[in-house]
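Step one of this worksheet: look at the structure below.
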Amino acid sequence: MICSVLRVLLPRVYGEYVTTDAVDGLLEQAWAVYRGVVTDPGTYAGQAAPLADAARRSRDHEAHVVALRAQAWAERSRLSDGRAKALLDEAARVARRHGLSARLVEILTSRSAVNLELGRIPAARRDLDLAEAMAGEHGTAALALQHAVLLHNLGRLTEAATYYRRALADSTAAPETRATVANNLALVEMVHGRVPEAFAALDEAHRAAAGAGPALVALVTQTSGWVSVQAGRISEGLARFDSAARLYAAAGLPLAEHYLEYVDALVDLRLLPEALATSRAAVDELDGSDVVLMAAEARLRLARLALLSGDPDRAADVACGAARMFRSQHRSAWAAQADVLAAQARSALAPVTAADLTLLRRAAGVLESRQIASAAIEAHLAAGRAAIELGRPAAALVHLDTAWSMARAAPVLPRLNGRVAAALASGVRGDDAAVLRHCRAGLADLAGHRSSFESAELRALASGHGAELGRIALALALSTGSATRVLQWMELTRAAALVAVDPEPVDDQDDHLAALRAAHAELDRSREAGDSEPPALLARVRDLERRARRATWAQHSTAPAPAGAVPRPVLRSALGQRILVEYGRLDGLLFATVLSARRARLVQLGPVAAVEREASALLFALRRMAAPASPRAGELARAGADLALGRLRALLVEPLRLPDAPEHVVVPSSSLWRVPWSALLDGPVSLSPSAAQWVRTLHSAAAPHLGTTVLVAGPGLPGAVREVEALRALHPQALVLAPPDSSVDRVTAALAGADLVHLACHCVLRADNPAFSSLRLGDGPLSVHEIDLRGLAPRRVVLAACDSAADVAYEGDEMLGFVSALLARGTTALVASVLPVPDLDAVPLMVALHEQLGRGVAVGPALHAARATIDQDEPRAFVSWCAFTAVGAG
């Protein structure tokens, strides 16, 4: 984690003496404007320059100095620190020329702050030393604050905290001084890992800021967001960041600092595309500024994002550039963080070198000595990994043990890094039991963290924080050859985000969703008219989606963490005569565990890449069959599909030597979710994101159910209306909603509490933003986001829609899409398609499926029986035969 940017709003020095000295009219105005610029730049910044001109013309030298200082601070508020420095130079000359010693102290203090932001550290120190020498025992609080700010930016946090506490002890300090001091002290306490002390300092900052103007309120709110996120109070922190953005804009403050600190929160949430966009917005704002301090910090964040996004080349280049900038600014702690990132990036490109280890050890020492806990933990972990790779176990243990020692009492995310370090250290010592103990404890910590999110998206993304712990434990389990151990560890790290969370109402959620629906309807009308998509309308849709997502990010859940893996006896009892096949991957290799009533087996299957290649070839061929360019093209596509199906069976099924069973329960790894499993196995197949999730659906399906049947046809599909009419004959009591009655509001109202729902609609898959994958209804889209937000969970759902089973995979074997959203909310069974299907040609299959469901048959066997009625020699029917998959046990 990167230390917070520290661009404080420096209050005026000797503020307690101004009211007695300021008897002249111009001087009073100058002080009022200066204080206004500090506390409310949006209102007062434009008044400073005219006042300075008036004071110059009237030869009121003291008022001139104060007005120039106000004008300089106004320029600084616009990130024009070079112009601010020139104005302060002029003010210093005027003050010296006319013997205004007290005013000169104030100017030197302000110029020290500006020089610091310009990266001119020696000049900042000279100004501050001279100001302190001139002031003597006067002006303690403000000068102590600026001394602390200098030390803070240099990474000397312990010394900075001493000066902050000295300033807070001054009972005569102005409110803006107290607010800024307490705000900055909270940052130090949080970086040092002292969470209660950080929040206590923030309480003091909020009290002082309330009487100090909107700029200070914005600053303290921003810091509250950052501290809350670092303390693991993510939802609270995000809400405060949203408030801070509005307050910054209202106060006329540049948003660059807000963007940079918000990036840290987005990275912790693993919202990497959003973090990258926010980081670029900060860079864009800083590009034309003189604030090189923040520019260097922006580069460091960009380097981290490049590494997390899988671009180590760029990460190494940007991190090295940031390190050079930090060293030129004499900021050794920041340079150490950049060094760690650069070394991590290089290790992703080439074997670690002894020079890399030396660099990492030095950086870890600097960060530990400065008590920058989270960054020091990461640095020691990186050094430990490098030492292991270089075959230096003693050195590795020193760093890994230090990382775990520092992380024990840290908030959850740095503590997870500590658990990784402890697990690696135990592996070096050959203590397998300790390795698994640390992995299990870390994943339990992560489960608690993840369950605090109401957003399904954030829960899925959070699992990525435990991916390395899962890999470490899985590698150890695989080395034993024990199928039950491998299955246990796969289950602990798979689909853990699918925990039912009761949704809390989001402010104005209906208005937001209605506005988004209206914008989509307008976009659809434009497409239907053959027009190009208006850029302004597309931008409005994306903005509405962004706001809708952010509203749920800040929602906090009190749901308990899920229980984890199902005990093997419970799983075997639930399976009965069924056979469970759970696929996993590690280091590019695929394997499977096979669990039956009698035994468990572990089967190695070979490279994942070969399976993914054949799966892509099959999906491509089936898409061509659905809409062939010519009869010959259709024949070639069928040949390609048959070839890919045969190869996939050879890679995924035949090595397992599966016995006959009434049903196979298949748990694919996330990258294999779109494989058409129904076409690979001979008997009934039911998929599930995890074995534990399948057991939950089985138990839920056994509960009494009295809901209605709902049949829905969306617009623009002639086959959908025909399909629903055919199904009405099988379900005469069903509620039927067809255009124009199949609006989002009517459909969502009908879905709540329904027993069986059939949705024949267009599906729009959004791989870029799966929360907004949607079903097209009469007046707009019904998105995954809205399903999750409204807690919609019919007992059984048939999604007769293209790509409706194509959930998007996230690191940590998590999924996000219609299937995962419905399962998480309590749906027990679904039938959905992994690829586009011709709507008219799917009608016979859907009728046959509902005939089976009407007899009380579970979805897996029901779909298998329905598929048996299909003429596989008919190309488009064959596509439907392959495409539809049963999920769950209901």
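Got a number for residues in the stretch 844-866 being open to solvent by 10 Å² or more (accessible area, probe 1.4 Å), β-branched (Val, Ile, Thr) and in contact (Cβ under 8 Å) with a residue 12 or more places away in the chain?
1
Being of a type in the set (Lys, Arg) and part of a helix (DSSP H, G or I) is the filter here, so list the residues in the stretch 625-672 that pass it.
Passing the criteria: ARG632, ARG638, ARG647, ARG649.
Is it true that ALA355 is free of Cβ contacts under 8 Å to residues at least 24 places away in the same chain, under 21 Å from LEU305 (Cα atoms) and open to solvent by 20 Å² or more (accessible area, probe 1.4 Å)?
On the way: free of Cβ contacts under 8 Å to residues at least 24 places away in the same chain: yes; under 21 Å from LEU305 (Cα atoms): no; open to solvent by 20 Å² or more (accessible area, probe 1.4 Å): yes.
Answer is no for this residue.
Checking the condition among the aliphatic types (A, V, I, L, M) and in contact with a Lys or Arg (Cβ under 9 Å, 6 or more places away or on another chain), which residue from ALA74, ALA86, ALA48 passes?
Being among the aliphatic types (A, V, I, L, M) and in contact with a Lys or Arg (Cβ under 9 Å, 6 or more places away or on another chain) holds for just one of ALA74, ALA86, ALA48, which is ALA48.
Take the conditions over 22 Å from ARG270 (Cβ atoms), in a loop (DSSP other than H, G, I, E, B), modelled with pLDDT of 90 or more and of a type outside the set (D, E, K, R) and apply them to GLN488. Does it pass? So that I can check it myself, show each step before the final result.
Details: over 22 Å from ARG270 (Cβ atoms): yes; in a loop (DSSP other than H, G, I, E, B): no; modelled with pLDDT of 90 or more: yes; of a type outside the set (D, E, K, R): yes.
Spelling it out, it is not the case that GLN488 is over 22 Å from ARG270 (Cβ atoms), in a loop (DSSP other than H, G, I, E, B), modelled with pLDDT of 90 or more and of a type outside the set (D, E, K, R).
From (1) closer than 15 Å to HIS758 by Cβ; (2) more than 28 Å from the chain's Cα centre (by Cα), pick out the condition that doesn't hold for THR827.
(2)
For the stretch 287-299, name all the residues that are open to solvent by 10 Å² or more (accessible area, probe 1.4 Å) and among the hydrophobic types (A, V, I, L, M, F, W, C).
Just the residues of the stretch 287-299 that are open to solvent by 10 Å² or more (accessible area, probe 1.4 Å), to begin with: 287-290, 292, 295, 299.
Of everything in the stretch 287-299, those that are open to solvent by 10 Å² or more (accessible area, probe 1.4 Å) and among the hydrophobic types (A, V, I, L, M, F, W, C) turn out to be VAL292, ALA295.
Please determine, by comparing only the residues of the stretch 581-630 that are more than 29 Å from the chain's Cα centre (by Cα) and aromatic (Phe, Trp, Tyr), which one is most open to solvent (accessible area, probe 1.4 Å).
Among those that are more than 29 Å from the chain's Cα centre (by Cα) and aromatic (Phe, Trp, Tyr), it is PHE620.
Select from the stretch 805-833 the residues that are surrounded by fewer than 23 Cβ atoms within 10 Å (Cβ to Cβ) and in a helix (DSSP H, G or I) and list them in ascending order.
ARG825, the sole residue that qualifies.
Take the residues in the stretch 526-557 that are touching a residue at least 40 places away in the same chain (Cβ under 8 Å) and hydroxyl-bearing (Ser, Thr, Tyr); name whichever of them is farthest from SER774 (Cα to Cα).
Among those that are touching a residue at least 40 places away in the same chain (Cβ under 8 Å) and hydroxyl-bearing (Ser, Thr, Tyr), it is SER557.
Restricting to the stretch 378-410, give me the number of residues that are open to solvent by less than 20 Å² (accessible area, probe 1.4 Å) and assigned to a loop (DSSP other than H, G, I, E, B).
Looking only at that region, the number is 1.
Go through the stretch 86-103 and give me each residue that's part of a helix (DSSP H, G or I) and open to solvent by 40 Å² or more (accessible area, probe 1.4 Å).
Going through the stretch 86-103, the residues part of a helix (DSSP H, G or I) turn out to be 86-97, 101-103.
Result: ALA86, GLU90, ARG93, ARG96, ARG97, SER101, ALA102.
Collect the residues in the stretch 27-57 that are polar (S, T, N, Q) and open to solvent by less than 60 Å² (accessible area, probe 1.4 Å), keeping them in residue-number order. Outline the logic, then answer.
At the first step, the residues of the stretch 27-57 found to be polar (S, T, N, Q) are 29, 39, 43, 47.
The answer is THR39, and nothing else.
Residues checked against (1) of a type in the set (Asp, Glu); (2) free of Cβ contacts under 8 Å to residues at least 40 places away in the same chain; (3) part of a helix (DSSP H, G or I); (4) open to solvent by less than 10 Å² (accessible area, probe 1.4 Å):
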position	(1), (2), (3), (4)
ALA376	no, yes, yes, yes
ALA423	no, no, yes, yes
ALA434	no, yes, yes, yes
HIS449	no, no, yes, no
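The values are calculated or read from the model by the stated rules, or taken from the named source; none is laboratory data. In this text, all values refer to a predicted model and were calculated from it rather than measured experimentally. Heads up, the Cβs are rebuilt from the backbone with ideal geometry, glycines too, and the neighbour counts pull from every protein chain shown. For accessibility, only protein heavy atoms count, side chains too; no ligands or nucleic acids. Shrake-Rupley method; radii C 1.70, N 1.55, O 1.52, S 1.80 Å.
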